[in-house]
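The values are calculated or read from the model by the stated rules, or taken from the named source; none is laboratory data. No experiment lies behind these values; they were computed from the predicted model shown. For neighbour counting, all protein chains shown are included, and Cβ atoms are generated from backbone atoms with ideal geometry for every residue, glycine included. For accessibility, only protein heavy atoms count, side chains too; no ligands or nucleic acids. Shrake-Rupley method; radii C 1.70, N 1.55, O 1.52, S 1.80 Å.
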Amino acid sequence: MSRGGKGFLFVVAAPSGAGKSTLVNALLAREPGIALSISHTTRAPRPGEVDGRQYFFVDRASFEREAAAGVFLEHAEVHGNLYGTSRRVVQGELAAGRDVLLEIDWQGAAQIRRSEPACVSVFILPPSAAELERRLRGRGSDSEAVIERRLANSRGEIAHAHEFDFILVNDRFEDALDELAGIVEAVREGRRPQVSRHEDLIRALLAS
């Protein structure tokens, strides 16, 4: 599960609505050897979310102070809210030989690749623009303005998909989960799986 005693760092990103959190949670249930790094955020909790479980919920002033002090391995503003990953927690887990997964956006992923170039990055795509919108509206927790902003931002996020090591499509959930788990297994074994880059889908999503 580690390289020379150090754990693997997996970075998973996606546009909002692609099903990233559901896939990540299912992967963690299947792979208990991976620790999820819980991010700090300034956004309000959604129904059912608990501080310290899905996120550490903090106010903007506290977040900005910690960012200035270098507390975060990466941080970014996404859809008007700030998100960040604790440097101490991630580096401590990796040094102890445990694999760590970061569920972040493309901006944070770019920062992680610069500071942790050995990380393994995965970008998750929706199967279509229509399905992305359906999933966002199906949440029932976001306002129309938030949904429209997320849809508008999705093309800019998807444009960065090719910066990632692997790209997978969350169409049939079980297939996507198997593919994500297969990437983890291959990396641990020192193999590089053959995964499609989904050129046609990306062009269609960017043109929508």
Members of the range 27-45 that are out of contact with any Asp or Glu (no Cβ under 8 Å at 6 or more places or on another chain) and open to solvent by 60 Å² or more (accessible area, probe 1.4 Å): ALA29, ARG30, PRO32, ALA44
Selection status of PHE8, of a type in the set (Phe, Trp, Tyr) and touching a Gly at 6+ places or on another chain (Cβ under 7 Å): no
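Quick grid of which residues meet (1) buried (at least 18 other Cβ atoms within 10 Å of the Cβ); (2) modelled with pLDDT of 90 or more:
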residue	(1), (2)
ALA118	no, yes
VAL122	yes, yes
PRO126	yes, yes
LEU132	yes, yes
ARG137	no, yes
GLY140	no, no
VAL146	no, no
LEU151	yes, yes
Residues within the range 172-208 that are touching a helix residue (DSSP H, G or I) at 6+ places or on another chain (Cβ under 8 Å) and among the charged types (D, E, K, R), tallied: 2
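Within the range 118-164, can you find the residues that are of a type in the set (Asp, Glu) and more than 13 Å from the chain's Cα centre (by Cα)?
GLU131, GLU133, ASP142, GLU144, GLU148, GLU163
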